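Shown next, in C-alpha cells, is the structure this report addresses.
The values are calculated or read from the model by the stated rules, or taken from the named source; none is laboratory data. Computed from a predicted structure; not experimentally measured. Cβ sites come from the backbone with ideal geometry, for glycine too, and all protein chains shown count toward neighbours.
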Amino acid sequence: MQDLFNKRKAKIDSFNKSRKKKEFVPKEIPEYMFRNCPHCNFSISYREWIDELYVCSRCGYHLRISANERIRQICDRDTYYEIDAKVTTVNEHDFEGYDEKLDIAQRSTGLSEAVVCGVGRINGIKAVVCAMDSNFMMGSMGGVVGEKITKSIEYATSRRLPIIIATASGGARMQEGIISLMQMAKTSAALKRHSDKGLLYMTLITDPTTGGVSASYAMLGDIIIAEPNALIGFAGKRVIEKTVNETLPPQFQRSEFMLEKGFIDLIVERRDLKSTITKLLILHGVK
Amino acid sequence: MDYKDYENLINKLLEQKSKTNDEKEKEAIDNEVKRMMMFAGENLTAWDRVYIARHKDRPKAYDYIKKLFPDFIELHGDRYFGDDNAIVTGLATFHDMPVTIIAQAKGKTTEENIIRNFGMANPEGYRKAIRIAKQAEKFNRPIITFVDTSGAYPGKGAEERGQAEAIAECLFEFSTLKTVVICVVIGEGGSGGALALSIGDKIIMLENAIYSILSPEGFASILWKDETRAKEASERMKLTSFDLKNLGIVDEIIKEPLGGAQYDFEDLIKRLDRSIYNSISELEKVRMNTLINRRYEKYRKIGAYE
Ligand SMILES: [Zn+2]
C-alpha cells in the first residue's frame with residue numbers, strides 16, 4: 001500500500017516538475033548574446049528582446065517566437081497546463097527520413113510536436129489555448145497536430161470554454177500524405193460543433209500561416225487577430241508567381257494586405273495582445 | 001514499361017489495323033491489342049493510374065452529369081462575386097427524386113479547359129458550392145459531389161478573394177449539413193481544393209482515380225526539390241483507390257473497364273448509378289442526428305493515436 005502511494009507520489013512529482021520547467025525559461029536567446037534585428041539590423045541585448053516580447057524596439061519587427069513563449073505571453077503565470085501532451089502517433093512512418101526529421105525537431109525544440117495545447121487563465125479568465133511552433137518542422141500539420149488541436153477543441157466544447165489557437169504553419173505535413181490532408185476536415189468539423197454550442201473561437205494568426213492550416217482552422221475564428229506583417233495565404237508566393245507570370249509586391253499576403261482584403265478582423269501588436277484578448281473574452285461574456 | 005507506353009503501342013497497332021484489308025491480320029491485331037490491354041491493365045502502378053486519372057479522353061464531370069442526370073438544370077453564381085466555371089452546380093431528378101449536384105468540371109478540349117480553368121476553382125466556386133449545398137439542405141435534397149481537380153487555383157485574385165477562407169468554410173459547413181451527401185472521386189483529387197468537396201456520408205472512388213495531399217509533381221518538388229521525380233513520389237504517396245480504401249478514407253471502389261473509364265463508359269455508369277442510388281436509399285433511412293454524428297466520426301478517426 002505504502003509502496004503504491006510512493007510510486008504515485010513520485011509520478012505526480014515528476015509530472016509537476018515537467019509541468020513547471022516548461023515556463024519562464026526563455027530559450028530563444030542565451031544570456032551572453034546580442035541578437036541583431038533581422039529587419040533593421042539593430043543590435044539588441046537578450047534582456048531587451050525578452051522585455052519587449054521579442055519585438056524590435058527600433059522598428060517594431062515581430063520576431064517569430066516559440067509555442068511556449070507565446071503561451072507565456074498570453075496566459076497568467078503558472079496557470080497553464082497541457083492537455084494530451086503525450087499524444088503520439090501509433091502508425092509506423094514509412095516515409096524515408098521522416099523519423100529522423102521528427103527526432104531532430106523534437107530535440108532542437110524540446111517539444112513532442114509542432115503544437116502545444118492546454119488550458120490556462122488570461123487575466124483570470126479560463127480558456128483553452130493552443131500555440132503552434134514554426135521551429136518544429138515549419139509548424140506543419142500532420143496527424144498528431146490535427147489530433148491535438150481536435151482534442152483541445154472537443155475539450156473546450158464539452159466544458160463550454162472559449163478556445164484560442166495561435167497558428168504558425170507552412171501547411172500540411174507532406175511526409176504523412178493524405179492523413180495530413182484529412183486533418184483539415186477533422187479540425188474544421190470539431191470547430192463547427194464548438195461554434196454550434198455558441199462558444200467563442202479566436203484565431204491568432206502569426207508568421208507564417210499558409211496552406212492547409214490557413215484553409216482550415218486559421219480562417220474559421222469568430223474573431224481573427226493577426227500579428228503585424230505575418231504571412232497569411234493559401235498558395236505559396238512562388239507558385240502564384242509561376243502561375244500568373246508576374247512578380248508580386250512584398251506586401252502581398254501580409255497581415256495588412258489581408259486586413260485590407262477583408263479576411264482579418266484586426267491586427268494587434270504583441271504588447272497589446274493579452275489585453276486585447278482579455279477585452280474580447282469579456283465582451284463575449286466569458287468569465 | 002509504363003501504361004502510357006503500352007497505350008502508344010496499342011494505338012500504333014490500331015492504326016495498322018485501319019490500313020489493312022486482310023481479315024486475318026485484323027483479327028491477329030485485335031488479339032494482340034486485347035492481350036496487351038489485359039497485361040497492362042492488370043499490372044498498373046500508381047504512376048499509371050496518375051496517367052489514366054488525368055487522361056484527356058477520361059470522362060469528365062459533364063459526361064457523368066449527362067448520363068446520370070439527363071434533366072440537369074445548372075444554377076450559377078455565388079451571389080457575391082461571380083460564377084466559377086470550374087465548379088458546376090445544379091438540380092436534377094435521380095430515380096424520381098430531386099437531387100443537388102456539385103461537380104468539379106475539367107474540360108476535354110483546350111477551349112473548354114480555358115473556360116473551366118482546367119478544373120481549378122477560385123474562391124467564388126467554393127462559395128457557390130456552399131450556397132447550393134445550403135439550398136439542398138433547406139429543401140432536403142441529397143447532394144452528390146463529383147471530385148476532379150488538381151487543386152484550388154493558385155492565382156493572385158484567388159488569394160485576394162480568400163481561397164483559404166473559402167475552402168475552410170466548405171469543410172466547416174459540409175461537416176454538419178443536414179442532408180445526405182455522397183462524394184464521387186472520378187479523376188484527380190488534389191489537395192485542399194479537392195477536400196473541400198469531399199466531406200460527406202459516403203465517399204465513392206473510381207478504381208483509377210487518384211486522391212492526394214498534392215500532385216506528385218508538387219510533392220516531389222517540395223520534398224526533394226525536384227519535380228521530375230513525380231513518378232517516384234506517386235509510388236510512395238498512397239494515392240490510389242486501393243490505398244485509400246485501406247486507410248479507411250474511401251468507402252467504396254467502383255471497378256473500371258480495362259484501360260480506364262472511357263473504354264466502356266455505359267457499363268461504368270450503370271454500376272455507378274446503382275452504387276449512388278443504393279447509398280442514398282440506405283442513408284436516407286438513418287436519423288439525421290445519427291447521420292451527422294457518423295459523418296463526424298468518419299473524419300474524426302483518421303489517423304490512430306494514443
Ligand atoms: Zn528592427
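Considering the conditions (1) outside the structural domain of residue B:132 (by TED's automatic domain parsing); (2) in contact (Cβ under 8 Å) with a residue 24 or more places away in the chain; (3) acidic (Asp, Glu), residue B:32 is excluded by exactly one of them, (2). The set of residues in the range A:163-188 that are surrounded by fewer than 24 Cβ atoms within 10 Å (Cβ to Cβ) and either among the aromatic types (Phe, Trp, Tyr) or more than 14 Å from chain B (Cβ to nearest Cβ) (or both) is empty.
A residue that is within 14 Å of another protein chain (Cβ to nearest Cβ), in contact with a strand residue (DSSP E or B) (Cβ under 7 Å, 6 or more places away or on another chain), assigned to a helix (DSSP H, G or I) and in contact (Cβ under 8 Å) with a residue 40 or more places away in the chain occurs nowhere in the range B:102-122. Do we find that residue A:127 is away from chain B (no Cβ under 12 Å), more than 27 Å from residue A:284 (Cα to Cα) and buried (at least 16 other Cβ atoms within 10 Å of the Cβ) in this structure? No; evaluated as a whole, the condition is false for this residue. From the list A:200, A:231, A:248, the one residue that fits, being of a type in the set (A, V, I, L, M) and either more than 21 Å from residue B:166 (Cα to Cα) or within 10 Å of chain B (Cβ to nearest Cβ) (or both), is A:248. In the range A:47-70 there is at least one residue that is within 16 Å of the ligand (Cβ to nearest atom), in contact with a Leu (Cβ under 7 Å, 6 or more places away or on another chain), touching a residue at least 60 places away in the same chain (Cβ under 8 Å) and part of a loop (DSSP other than H, G, I, E, B).
Counting just the residues of the range A:71-96 that are in a helix (DSSP H, G or I) and of a type outside the set (Val, Ile, Thr), which one comes out nearest to the ligand (Cβ to nearest atom)? Selected residue: A:73. Residues that are in a helix (DSSP H, G or I) and more than 12 Å from chain B (Cβ to nearest Cβ) within the range A:150-161 comprise A:152, A:155, A:156, A:158, listed in sequence order.
Taking the criterion of being within 11 Å of the ligand (Cβ to nearest atom) and under 29 Å from residue A:112 (Cβ atoms), the residues of the range A:34-46 that qualify are A:35, A:38.
Somewhere in the range A:82-94, is a residue closer than 19 Å to residue A:149 by Cα and more than 14 Å from every other protein chain (Cβ to nearest Cβ)? Taking every residue of the range A:82-94 in turn, at least one turns out to be closer than 19 Å to residue A:149 by Cα and more than 14 Å from every other protein chain (Cβ to nearest Cβ). Between A:254, A:238, which is within 14 Å of another protein chain (Cβ to nearest Cβ), surrounded by 19 or more Cβ atoms within 10 Å (Cβ to Cβ) and out of contact with any helix residue (DSSP H, G or I) (no Cβ under 9 Å at 6 or more places or on another chain)? One residue alone meets the criteria, A:254.
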